[in-house]
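Asker: Below are the structure tokens for one structure; questions will follow.
The values are calculated or read from the model by the stated rules, or taken from the named source; none is laboratory data. Computed from a prediction, not measured in an experiment: that's the story for all the values here. When we count neighbours, we look across all protein chains shown, and the Cβ atoms used for this are built from the backbone with ideal geometry, even at glycine.
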Amino acid sequence: MAFSPRLRVVTGKGGVGKTTVAAALALAEARRGKRVLLAEVNGRDRAAHLLGVEPTGSKLTAVLPNIALVDMNPRDTLREYVLLTFKFETVYKAVFENRVVKNFLRLTPSLGELMMLGKIWHHEREREDDQPRFDVIVLDAPATGHAIAMLRAPSVVQATVPAGPLRENARNMDQLLRDTARTTVHVVTTPEEMPVNEAVEIERAVDDELGMRIGTTFLNQRVSALVPEIVPILDSSAITDTSLASAARVLHAREQRRIGGEQNLQRLPHKMLRDSVSIPRIVAADFGRRSLEAIADVIVPALAREADQ
Amino acid sequence: MSKPVWEGRKVVVNVGTGGVGKTTVSAAMAVAAAASGRRTLVMTIDPARRLANALGLPAFGNVEHEIEQDQLAPYGVKLQAPLWAMMPDVKRTFDELVERFAPNDEKKRAILGNRIYQHFSTVLVGSHEYAAVEKLHEVYASGKYDLIVLDTPPSGNAVDFLEAPSRIIDFLEQDTVQWLVKPYAAAGRFSLKILDVGSSFISKSVGKLAGAETLRELAEFVLGFQGMYEGFRERSRRVRDLLASDEVAFNLVSSTQRAQHDAMFRFREELAAEGLKVRALVVNRVRNVPPDVESPKTLEAVRTALKTLTPGAADQAVGALREEAALAAADRDAIQQLAERLGQVRTILLPELAGDVHDLASLSALHPFFLEGAT
């Protein structure tokens with residue numbers, strides 16, 4: 001049976017292309033006819049910029065056929081949540097815009113993360129005309145440390161917050177996150193040392209500690225190998241034709257970096273490497289929608305393969 | 001030739017967003033300073049242990065760890081003064097503060113055992129920054145070092161670490177927090193007896209959201225800190241004075257990625273608003289390719305040299321050269337744009353190395369760029 005998760009959590013080290021992959025993943029799912037919600041966390045509307053659509057901020061908006069976008073932040077999400085709980089704007093204003101209360105809420109363990117996960121949970125269950133409003137939610141999660149903290153938030157809240165509505169919500173979210181039929185975590189890494197270290201770290205936290213499912217791993221900006229004879233030939237030809245010297249040097253350095261990168265990738269857990277998709281490096285001055293569509297081309301077949309994993 | 005970025009300063013603070021190699025830059029800078037005779041400490045607050053990795057060390061804790069001369073010697077670096085590294089632990093730093101300032105053992109135990117306190121470091125915005133500046137002050141006051149290089153926690157906000165201490169203390173101390181927890185504190189442990197209509201209305205609303213027990217824990221936590229504020233505040237004031245003094249230089253660390261450039265610009269403005277000037281912009285991992293690699297002449301020569309291989313091979317080589325040149329050109333443009341936006345800021349460009357930049361070899365390769373003081 002096809003694996004068709006409801007929630008795809010995309011994370012990795014800062015700067016590896018999480019938002020790019022998350023947005024391309026959303027495009028790929030939409031191409032399969034799924035109704036997608038792409039949710040950023042404190043994203044400064046980067047996904048909107050990449051997709052070439054109007055920034056949405058924290059207001060969930062349909063931006064493309066089959067794709068809705070939202071850029072969540074703890075403050076607006078809390079407000080939404082409180083309004084759902086209390087129903088009265090005036091209560092919200094009187095109580096939750098109080099400076100002290102705002103500080104208190106910051107101090108409550110993992111509240112911000114929990115609120116944002118709560119919003120995801122809400123949209124996962126949301127129904128329209130007796131059908132789920134969204135077939136799949138792609139969560140462009142924060143970078144490694146913060147992402148782990150976010151995924152851990154429901155457990156932290158259950159451990160620290162005594163019984164009450166917060167704790168109840170935390171339990172619900174925990175169930176969604178740990179349901180391996182519904183939720184999967186995608187790690188994005190480039191072939192560099194630190195991103196790979198963090199990918200390993202995420203895998204450990206997600207798989208061992210949190211008991212969540214690790215899905216397809218995205219190896220971003222992977223460079224393909226040159227035909228092995230190229231560099232030696234250019235090197236020896238450079239002796240007679242000096243114009244080749246810098247070309248040989250540049251390609252040699254490129255190969256060195258590539259090989260170093262491949263060695264880094266080999267440190268990924270076997271399962272991550274096996275279920276991985278390589279996304280070639282795209283050099284474009286105007287990196288945007290077109291580049292994302294090219295990445296979606298690579299992702300679509302990978303989604304079809306997911307069923308076998 | 002310009003002077004090193006640490007010239008005339010005792011503390012160098014490197015700020016930047018995550019993922020730009022701030023830790024590497026800080027470590028290479030510290031190597032350069034020690035190589036030029038400054039007794040140097042590099043400090044980072046980083047759960048991912050990048051600094052330890054970069055320096056080829058196992059994890060090291062709340063105390064400084066000396067990098068031995070012979071660890072760097074194989075890479076041709078001769079330290080003229082000792083070099084230390086330190087990775088303050090956030091929770092331990094707070095525990096030490098509590099131990100120092102708690103008026104008595106009972107209070108100390110109450111705080112250390114409080115559930116909210118135990119998650120304090122992972123929870124409260126700014127606690128990493130607080131720990132960073134707290135430790136900074138401690139090592140600065142020790143007088144052991146000529147130079148301290150501080151790698152600040154990755155942040156979306158340049159002044160987070162400046163404001164963190166006062167923000168945390170303000171929060172704990174302010175009358176209004178005391179007011180919020182008053183119904184719990186004054187009415188005895190588990191009772192919700194109404195003492196103050198306004199206070200209990202808000203308490204009840206918050207309690208409905210978070211659970212009344214949470215408020216009780218919070219009350220215990222806040223009350224636990226009573227009597228310690230003066231000590232905290234005094235230290236925070238001193239840290240603040242230090243950071244604003246002439247002893248400290250601030251550098252922005254960026255990659256060539258355009259996405260980071262708005263942040264650089266914003267950081268500079270935020271620092272300026274605090275009266276702090278950026279001394280240098282360090283751009284990490286700049287790709288550098290000689291301009292002639294994609295000249296028609298070179299590409300033709302490449303094709304000729306590779307004609308014995310499969311036809312695809314020459315295309316591949318040409319494609320790769322064009323790509324490398326395009327990447328380098330994109331970096332050049334990005335840096336130029338950034339420099340124009342930032343105006344009169346000195347720029348130090350660190351090249352992308354063939355290998356990864358997280359070991360002693362790479363730090364050694366990068367350190368001369370801080371010594372030459374190239375533009």
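Asker: Could you grab me the full set of residues in the stretch B:302-318 that are within 8 Å of chain A (Cβ to nearest Cβ), in contact with a helix residue (DSSP H, G or I) (Cβ under 7 Å, 6 or more places away or on another chain) and either of a type in the set (Val, Ile, Thr) or surrounded by fewer than 13 Cβ atoms within 10 Å (Cβ to Cβ) (or both)?
Answerer: B:VAL302 - this is the single residue of the stretch B:302-318 that is within 8 Å of chain A (Cβ to nearest Cβ), in contact with a helix residue (DSSP H, G or I) (Cβ under 7 Å, 6 or more places away or on another chain) and either of a type in the set (Val, Ile, Thr) or surrounded by fewer than 13 Cβ atoms within 10 Å (Cβ to Cβ) (or both).
Asker: Continuing with this model, one more query. Report, by residue number, each residue of the stretch A:236-262 that is part of a helix (DSSP H, G or I), in contact with a Lys or Arg (Cβ under 9 Å, 6 or more places away or on another chain) and of a type outside the set (Ser, Thr, Tyr).
Answerer: Start the filter on the stretch A:236-262 by keeping residues that are part of a helix (DSSP H, G or I), which leaves A:236-237, A:242-262.
Checking which are in contact with a Lys or Arg (Cβ under 9 Å, 6 or more places away or on another chain) leaves us with A:243, A:258, A:261-262.
Of everything in the stretch A:236-262, those that are part of a helix (DSSP H, G or I), in contact with a Lys or Arg (Cβ under 9 Å, 6 or more places away or on another chain) and of a type outside the set (Ser, Thr, Tyr) turn out to be A:ARG258, A:GLY261, A:GLU262.
Asker: In addition: So in the stretch A:1-52, with the set limited to residues that are farther than 20 Å from A:GLY288 by Cβ and within 14 Å of chain B (Cβ to nearest Cβ), which one is farthest from the chain's Cα centre (by Cα)?
Answerer: A:ASN42
Asker: Right, here's the next one. Give the stretch A:108-147 a look and list any residue that's part of a loop (DSSP other than H, G, I, E, B) and basic (Lys, Arg), or say none.
Answerer: Taking the stretch A:108-147 first, the residues part of a loop (DSSP other than H, G, I, E, B) are A:108-110, A:126, A:129-130, A:133-135, A:141-143.
Within the stretch A:108-147, just A:ARG133 meets the criteria.
Asker: Looking only at the stretch B:14-22, decide whether some residue is crowded, with 23+ Cβ neighbours inside 10 Å, touching an Asp or Glu at 6+ places or on another chain (Cβ under 8 Å) and in contact (Cβ under 8 Å) with a residue 40 or more places away in the chain.
Answerer: The answer is yes, given that some residue of the stretch B:14-22 is crowded, with 23+ Cβ neighbours inside 10 Å, touching an Asp or Glu at 6+ places or on another chain (Cβ under 8 Å) and in contact (Cβ under 8 Å) with a residue 40 or more places away in the chain.
Asker: Condition (residue is within 14 Å of chain B (Cβ to nearest Cβ) and either in contact with a His (Cβ under 9 Å, 6 or more places away or on another chain) or more than 28 Å from B:ALA259 (Cα to Cα) (or both)) applied to the stretch A:268-284: is it met by at least one residue?
Answerer: Residues of the stretch A:268-284 that are within 14 Å of chain B (Cβ to nearest Cβ), as a first pass: A:280-284.
Those left that are additionally either in contact with a His (Cβ under 9 Å, 6 or more places away or on another chain) or more than 28 Å from B:ALA259 (Cα to Cα) (or both): none.
There is no residue in the stretch A:268-284 that is within 14 Å of chain B (Cβ to nearest Cβ) and either in contact with a His (Cβ under 9 Å, 6 or more places away or on another chain) or more than 28 Å from B:ALA259 (Cα to Cα) (or both).
Asker: Within the stretch A:222-242, track down each residue that is facing chain B (nearest Cβ under 7 Å), more than 30 Å from A:VAL16 (Cα to Cα) and surrounded by 18 or more Cβ atoms within 10 Å (Cβ to Cβ). Walk me through it before giving the result.
Answerer: If we filter the stretch A:222-242 for residues that are facing chain B (nearest Cβ under 7 Å), which is where we start, we get A:226-227, A:229-230, A:233-234, A:237, A:241.
Subset that is more than 30 Å from A:VAL16 (Cα to Cα): A:229, A:233-234, A:237, A:241.
Answer for the stretch A:222-242, where residues must be facing chain B (nearest Cβ under 7 Å), more than 30 Å from A:VAL16 (Cα to Cα) and surrounded by 18 or more Cβ atoms within 10 Å (Cβ to Cβ): A:ILE233, A:LEU234, A:SER237.
Asker: Which of the residues that make up the stretch B:64-92 are in contact with a helix residue (DSSP H, G or I) (Cβ under 8 Å, 6 or more places away or on another chain), among the hydrophobic types (A, V, I, L, M, F, W, C) and in a helix (DSSP H, G or I)?
Answerer: Answer for the stretch B:64-92, where residues must be in contact with a helix residue (DSSP H, G or I) (Cβ under 8 Å, 6 or more places away or on another chain), among the hydrophobic types (A, V, I, L, M, F, W, C) and in a helix (DSSP H, G or I): B:LEU72, B:VAL90.
Asker: Name the residues in the stretch A:80-95 that are at pLDDT 75 or above, within 12 Å of another protein chain (Cβ to nearest Cβ) and surrounded by 15 or more Cβ atoms within 10 Å (Cβ to Cβ), would you?
Answerer: Looking only at the stretch A:80-95, we keep the residues that are at pLDDT 75 or above, and these are A:80-83.
Okay, now just the ones that are also within 12 Å of another protein chain (Cβ to nearest Cβ), so A:81-83.
If the condition is that a residue be at pLDDT 75 or above, within 12 Å of another protein chain (Cβ to nearest Cβ) and surrounded by 15 or more Cβ atoms within 10 Å (Cβ to Cβ), then A:TYR81, A:VAL82 are the ones that fit.
Asker: A further question follows. Scanning the stretch A:286-297 for residues that are in contact (Cβ under 8 Å) with a residue 60 or more places away in the chain and not small (Gly, Ala, Ser), which turns out nearest to B:ALA334 (Cα to Cα)?
Answerer: So the residue we want is A:PHE287.
Asker: Then there is this: Quick one: in the stretch B:302-318, of everything that is under 15 Å from A:SER243 (Cα atoms) and without any contact (Cβ under 8 Å) to a residue 12 or more places away in the chain, which residue is farthest from the chain's Cα centre (by Cα)?
Answerer: B:THR304
Asker: While we're here: Name the residues in the stretch B:247-270 that are under 25 Å from B:ASN288 (Cβ atoms) and small (Gly, Ala, Ser), would you?
Answerer: B:SER254, B:SER255, B:ALA259, B:ALA263
Asker: Using the structure shown, decide if A:ILE233 is part of a helix (DSSP H, G or I), within 40 Å of the chain's Cα centre (by Cα) and not polar (S, T, N, Q).
Answerer: no
Asker: Given (1) of a type in the set (A, V, I, L, M); (2) within 9 Å of chain B (Cβ to nearest Cβ); (3) surrounded by fewer than 20 Cβ atoms within 10 Å (Cβ to Cβ), identify the lone condition not met by A:ALA181.
Answerer: The number of the failed condition is (2).
A quick yes/no check of all residues on (1) surrounded by fewer than 21 Cβ atoms within 10 Å (Cβ to Cβ); (2) at pLDDT 85 or above; (3) within 14 Å of chain A (Cβ to nearest Cβ); (4) assigned to a helix (DSSP H, G or I):
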site	(1), (2), (3), (4)
B:ASN62	yes, no, no, no
B:GLU99	yes, yes, no, yes
B:ARG109	yes, yes, no, yes
B:THR122	yes, no, yes, yes
B:ALA131	no, no, no, yes
B:GLU134	no, no, no, yes
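Asker: When you go through B:LEU321, B:LEU299 one by one, which is the residue that is within 9 Å of another protein chain (Cβ to nearest Cβ), crowded, with 20+ Cβ neighbours inside 10 Å and either within 30 Å of B:SER142 (Cα to Cα) or over 24 Å from the mean Cα position of the chain (by Cα) (or both)? Before you say what the answer is, go through the steps one by one.
Answerer: Values: B:LEU299 fails: crowded, with 20+ Cβ neighbours inside 10 Å.
When all the criteria are applied, what remains is B:LEU321.
Asker: Would you confirm, using the coordinates I've provided, whether B:ASP262 is surrounded by fewer than 21 Cβ atoms within 10 Å (Cβ to Cβ) and closer than 27 Å to B:LEU366 by Cα?
Answerer: Values: surrounded by fewer than 21 Cβ atoms within 10 Å (Cβ to Cβ): yes; closer than 27 Å to B:LEU366 by Cα: yes.
Spelling it out, B:ASP262 is indeed surrounded by fewer than 21 Cβ atoms within 10 Å (Cβ to Cβ) and closer than 27 Å to B:LEU366 by Cα.
Asker: Sort through B:ARG287, B:ARG341 and tell me the only one that's more than 12 Å from every other protein chain (Cβ to nearest Cβ), more than 17 Å from A:LEU244 (Cβ to Cβ) and out of contact with any Cys (no Cβ under 8 Å at 6 or more places or on another chain).
Answerer: Numbers: B:ARG287 fails: more than 12 Å from every other protein chain (Cβ to nearest Cβ).
Checking each option against the conditions leaves just B:ARG341.
Asker: Which of the following residues is under 24 Å from the mean Cα position of the chain (by Cα) and at pLDDT below 90: B:ASP359, B:ASP292?
Answerer: Values: B:ASP292 fails: under 24 Å from the mean Cα position of the chain (by Cα).
Result: B:ASP359 is the single residue among B:ASP359, B:ASP292 that is under 24 Å from the mean Cα position of the chain (by Cα) and at pLDDT below 90.
Asker: Is it the case that some residue within the stretch A:269-276 is assigned to a loop (DSSP other than H, G, I, E, B), surrounded by fewer than 20 Cβ atoms within 10 Å (Cβ to Cβ) and either without any contact (Cβ under 8 Å) to a residue 40 or more places away in the chain or not acidic (Asp, Glu) (or both)? Let's see the steps before the verdict.
Answerer: So in the stretch A:269-276, the residues assigned to a loop (DSSP other than H, G, I, E, B) come out as A:269, A:275.
If we keep only those that are surrounded by fewer than 20 Cβ atoms within 10 Å (Cβ to Cβ) as well, we get A:269, A:275.
The next check asks that each one be either without any contact (Cβ under 8 Å) to a residue 40 or more places away in the chain or not acidic (Asp, Glu) (or both); those that pass are A:269.
Checking the stretch A:269-276: at least one residue is assigned to a loop (DSSP other than H, G, I, E, B), surrounded by fewer than 20 Cβ atoms within 10 Å (Cβ to Cβ) and either without any contact (Cβ under 8 Å) to a residue 40 or more places away in the chain or not acidic (Asp, Glu) (or both).
Yes or no, residue by residue, for (1) under 23 Å from A:THR144 (Cα atoms); (2) assigned to a strand (DSSP E or B); (3) modelled with pLDDT under 95:
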| site | (1), (2), (3) |
| --- | --- |
| A:GLY14 | yes, no, yes |
| A:THR20 | yes, no, no |
| A:GLY43 | yes, no, yes |
| A:ALA48 | yes, no, no |
| A:VAL53 | no, no, no |
| A:ALA62 | no, yes, no |
| A:VAL70 | yes, yes, no |
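Asker: For the list (1) assigned to a loop (DSSP other than H, G, I, E, B); (2) closer than 30 Å to A:VAL82 by Cα; (3) aliphatic (A, V, I, L, M); (4) without any contact (Cβ under 8 Å) to a residue 60 or more places away in the chain, I need the number of the one condition that A:VAL157 fails.
Answerer: (1)
Asker: Also, quick follow-up: If you check B:ASN14 against the conditions, is it in a strand (DSSP E or B) and within 27 Å of A:THR189 (Cα to Cα)?
Answerer: Values: in a strand (DSSP E or B): yes; within 27 Å of A:THR189 (Cα to Cα): yes.
When the stated conditions are applied, B:ASN14 passes them.
Asker: Hey, can you tell me all the residues within the stretch A:157-166 that are within 9 Å of another protein chain (Cβ to nearest Cβ) and either in contact with a Gly (Cβ under 8 Å, 6 or more places away or on another chain) or crowded, with 19+ Cβ neighbours inside 10 Å (or both)?
Answerer: Just the residues of the stretch A:157-166 that are within 9 Å of another protein chain (Cβ to nearest Cβ), to begin with: A:159-166.
Answer for the stretch A:157-166, where residues must be within 9 Å of another protein chain (Cβ to nearest Cβ) and either in contact with a Gly (Cβ under 8 Å, 6 or more places away or on another chain) or crowded, with 19+ Cβ neighbours inside 10 Å (or both): A:THR160, A:VAL161, A:PRO162, A:ALA163, A:GLY164, A:PRO165, A:LEU166.
Asker: Taking the stretch A:256-267 only, how many residues are at the interface with chain B (Cβ under 9 Å from one of its Cβ atoms) and surrounded by fewer than 18 Cβ atoms within 10 Å (Cβ to Cβ)? Please lay out each step first, then the result.
Answerer: Keep residues of the stretch A:256-267 that are at the interface with chain B (Cβ under 9 Å from one of its Cβ atoms), which gives A:256-257, A:260-261, A:264.
In the following step, the residues that additionally are surrounded by fewer than 18 Cβ atoms within 10 Å (Cβ to Cβ) were identified as A:256, A:260.
Result for the stretch A:256-267: 2.
Asker: Name the residue, out of A:ARG8, A:ARG32, that is at pLDDT below 95 and of a type outside the set (A, V, I, L, M).
Answerer: Numbers: A:ARG8 fails: at pLDDT below 95.
The conditions single out A:ARG32.
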